[in-house]
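A quick write-up on the structure given underneath.
Since every read-out is calculated from the coordinates, none of them should be taken as a lab result. If you're wondering where the values come from, they're calculated on a predicted model, not measured in any experiment. Glycine gets a Cβ as well: all are built from the backbone with ideal geometry, and neighbour counts include every protein chain shown.
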Amino acid sequence: MRYTNENIIIREFNPQELHLFLDLFKSEQVSRYLPYKSPEELKNMFEKALLDYRQGPLSRWGIFDLQSGDFVGVCMARVFSENTDWIEIGYMLRENYWGKGIGTQVSRAVVSYCLAADRGKEIVALTDTDNIGSQKVLLNSGFERQENLVRDDKELAYFKLQEKTHS
């Protein structure tokens, strides 16, 4: 996965960027809608992403500001645990990048990547039911709201890429 537009670069993390990944989860605003992960679990997620780059095509990638090189956040594509024939996408952005259209750019880039990697798979996304900002991003990125889904005893807003966007 490598994507560049006028604002951002999405690329593989390098091992020296673990601190960026870990720092993102330290922000209560950024991580408030996510299940808690210990620092050790987060480190394991990062190390798994580095391994996934060799196995491909799904993983977690870093998002960086094209002009400044600043770390913006992380995005991912993984097998959807509720239906392993589908792909689940997601992203997290640092607070100072919220409300600038970056989430929509990232979502669209990850969707395009997933469609190119495996055209036959459905693409879905989940958010906390209270995370209205991310829900708007998904709607703007061609997703349609479905009935809520329960994962690990938590009800989540469930979105599926609309059929018409596949062509």
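Below is a table of values for the structure above.
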read-out	value
Amide H contacts under 5 Å for PHE143, placed H, 5+ residues apart	GLN162
FRET efficiency estimate (nearest 0.05) - Cβ-Cβ, ARG2 to SER81, R0 30 angstrom	0.70
Extended-chain gain in nm, criterion 0.36 nm per residue less alpha-carbon gap, ASN140 and ASP23	39.3 nm
Highest-MSF residue in the chain out of MET45, MET76, MET92 [GNM, Cα springs under 10 Å]	MET45
Amide H contacts under 5 Å for TYR33, placed H, 5+ residues apart	none
Cα pair count fraction exceeding 24 Å, expressed as % - the chain	31
Antiparallel %, DSSP beta bridges [both residues in the range 3-166], to 5	90
Peptides 105-111, 148-154, 17-23 ordered by average Cβ neighbours within 10 Å, highest first	105-111, 17-23, 148-154
Added length on full extension, which subtracts the Cα-Cα distance from 0.36 nm per residue, ARG11 to LYS48	11.8 nm
In Hz, Karplus ³J(HN,Hα) per residue of the range 97-103 (6.51, -1.76, 1.60; θ = phi - 60°; x = Gly, Pro)	10, 6, x, 10, x, 5, x
Full-extension gain in nm, ASN96 to ILE132, via 0.36 nm per residue minus C-alpha separation	11.2 nm
